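Okay, structure first, notes after.
The values are calculated or read from the model by the stated rules, or taken from the named source; none is laboratory data. Keep in mind that what you see is a predicted model, and the values were worked out from it rather than measured. Quick reminder, even Gly has a Cβ in these numbers, built from the backbone with ideal geometry, and neighbours come from all protein chains shown. We work out accessible area using only protein heavy atoms, side chains counted, and drop any ligands, DNA or RNA first. Shrake-Rupley method; radii C 1.70, N 1.55, O 1.52, S 1.80 Å.
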Amino acid sequence: MSRLRVRSAAYGAAHPGRKRADAGRLTLRRALFAWLVGAVLLPALVLGGSAKADPVRLVAFGDSLTAGLGLPASEAFPAKLQAALKAKGHDVVIENAGVSGDTSSAGLARLDWSVPDGTQGVILELGANDALRGLDPALTRKALDDILAGLKARNIPVLFTGMMAPPNMGADYAGRFNAIYPALAGTYAVAFYPFFLDGVAGQPGLNQPDGMHPTAKGVDVIVERMLPAVEAWLAAIKGG
């Protein structure tokens, strides 16, 4: 046996308490290391290596103006808005729940299955067909009221887009119809964009031959003008 081993053995024999204390410290260190790995390092590694957060899931709920009547799906409002938001750094998915020809009442009838569970926000665009058909504004208001109430009950934030009656419907009808949107937006305290077709309505170069549905360039104008309002609304959704 070497001198070092002899001395160590002699030291251990002479100081048994010191040997037990050293062993205790070693056990404590091992326990602390195990706790550090399990409680701090491992969760950090898991979180750091996990996939990024899921995109914000939105639904564009409306009529032919949302559906993109006469346009390829890639040039409809929901697709172009999604692309514009992604270009600005927002991770979103926008489902196109537009149905051509829908009135506000028709939209109400399909609300539950058109806006699935897990939806984090709804862009609501309805009413144009009500005005074109000259429906009683009271019916439009009741349907939109019920839609907003239904979404509120499900805790789904809404960006409510306004519509305006065509001039040929007369001033009295236009006054009653146009007032629906700001009034309901105030009642439900939802984000509000006053006129979906702002900058496009009445512009021949931005509308298809029917004079009512935007061209792809018209959709670009809608998206560009609405984008600040959508970003502000999206920030509120992300902020909880």
So which residues in segment 145-174 are in contact with an Asp or Glu (Cβ under 9 Å, 6 or more places away or on another chain) and either open to solvent by 60 Å² or more (accessible area, probe 1.4 Å) or part of a helix (DSSP H, G or I) (or both), if there are any at all? Gly150, Arg154
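Hey, among Leu132, Leu151, Leu144, Leu197, which residue is touching a strand residue (DSSP E or B) at 6+ places or on another chain (Cβ under 7 Å) and among the aliphatic types (A, V, I, L, M)?
Step by step, each of Leu132, Leu151, Leu144, Leu197 is checked, and only Leu151 is touching a strand residue (DSSP E or B) at 6+ places or on another chain (Cβ under 7 Å) and among the aliphatic types (A, V, I, L, M).
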Evaluate segment 92-100: report whether one residue or more is out of contact with any Gly (no Cβ under 7 Å at 6 or more places or on another chain), part of a helix (DSSP H, G or I) and at pLDDT 95 or above. no
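If you take the residues of segment 92-109 that are touching a Pro at 6+ places or on another chain (Cβ under 6 Å) and either of a type in the set (Ser, Thr, Tyr) or over 14 Å from Asp63 (Cα atoms) (or both), which of them is most open to solvent (accessible area, probe 1.4 Å)?
Val93
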Being at pLDDT 95 or above and within 23 Å of Thr103 (Cα to Cα) narrows it down to one of Ala229, Ala153, so name that one. Ala153
Which one of these is part of a helix (DSSP H, G or I) and exposed (fewer than 13 other Cβ atoms within 10 Å of the Cβ): Asp117, Asp130, Asp112? Asp112
Within segment 51-91, tally of residues that are within 28 Å of Ala131 (Cα to Cα) and in a loop (DSSP other than H, G, I, E, B): 7
Could you check segment 148-182 and list, in sequence order, the residues that are free of Cβ contacts under 8 Å to residues at least 60 places away in the same chain, in contact with a Phe, Trp or Tyr (Cβ under 8 Å, 6 or more places away or on another chain) and β-branched (Val, Ile, Thr)? Val158
Among the residues of segment 69-114, count how many are under 26 Å from Asp136 (Cα atoms) and touching a strand residue (DSSP E or B) at 6+ places or on another chain (Cβ under 9 Å). 9
Provide a single number: the residues in segment 184-217 that are in a helix (DSSP H, G or I), touching a residue at least 40 places away in the same chain (Cβ under 8 Å) and open to solvent by less than 40 Å² (accessible area, probe 1.4 Å). 2
